[in-house]
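Reviewing the structure listed below.
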Amino acid sequence: MIKFRILTQNELPLIWTIDRAEVIDNVYYFRDGKLILEPEHYDMQGWPSGEPEHYHPHLMDCFERGGFFWGAFEGETLVGVVVLEERFIGSKSDTIQLKFLHVSHAVRKKGLGRRLFSLAAEQARGMGAAKMYISSTPSENTVHFYFHLGCRLAEEIDGELFEMEPKDIHLEYRLS
């Protein structure tokens, strides 16, 4: 049975124990105002080299600023995580970034990602946000996951987030 709860700061290193394994056959690119799906094959076996070391300080900063971290645990094992920033972005300052969402390979396609996404959306709504901003990995499965939840291409691209992840597909989710 999977249980959801807020993560403590000392549990943040557990994020990197999530099994990110995935076979990717197609990747989206955003070109000339359109999403283009192109065949590209990747056999992801865990986190890309250097990614935990690169992103962990960003997650720690988010936590220390008051970001929201929910974990999904199967027993003592962290099998899913979602991270919501605490600060508003966008020209209207009405958008919150969904910073991070990952689910372990063995428990995908069981509604866990949807539940984690819903926890973040509920929090963002409670904070008065109109939208959540998602910088999505461009794999076909990930983009389809977000589209299935009702996300769409971001109307306003956040320059700082785009600079950090220019190959990502930048999406938004309206909370109203």
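Some observations on this one:
- Loop-resident sites, region 1-75, for GluC sites (Glu not before Pro), counting at most 15 other Cβ within 10 Å (DSSP): none
- In loop segments of region 109-167 as defined by DSSP, the GluC sites (Glu not before Pro) with at most 10 further C-beta atoms inside 10 Å of their C-beta are 155.
- Extension gain, residue 25 to residue 2: 0.36 nm times the residue separation minus the Cα-Cα distance gives 5.3 nm.
- Within region 1-33, none of the chymotrypsin sites (Phe, Trp or Tyr not before Pro) combine a DSSP coil assignment with at most 14 other C-beta atoms in a 10 angstrom radius.
- Label-to-label distance, residue 153 versus residue 106, with points set 7 angstrom from Cα along the beta-carbon direction: 4.0 nm.
- Considering only 161, 123, 55, the residue lying farthest towards the positive end of the dipole of the chain is 123, judged by Cα position with unit charges set on Cβ.
- Lys-Lys pairs in region 2-174 that are eight or more residues apart or on separate chains and whose Cα atoms lie under 30 Å of each other come to 20.
- Gyration tensor (alpha-carbon) shape descriptor, region 91-176, a/c threshold 1.5: oblate
- Averaging the Cα positions of each part gives two centres, and for region 110-172 and region 1-27 these lie 17 Å apart.
- With at most 14 neighbouring Cβ atoms within 10 Å, loop trypsin sites (Lys or Arg not before Pro) (DSSP) excluded, longest segment of the chain: 1-91
- Those residues of region 115-145 whose amide nitrogen sits under 17 Å from the label point placed on residue 92, 7 Å along Cα→Cβ: 124-134
- Estimated 222 nm signal from helices in the chain, with DSSP H stretches of n ≥ 4 weighted -39500 (n - 2.57), rounded to 500: -8000 deg cm²/dmol
Computed from the coordinates by the stated procedures, all read-outs in this text should not be read as laboratory data. These numbers were taken from a predicted model, which means no experiment stands behind them. When we count neighbours, we look across all protein chains shown, and the Cβ atoms used for this are built from the backbone with ideal geometry, even at glycine.
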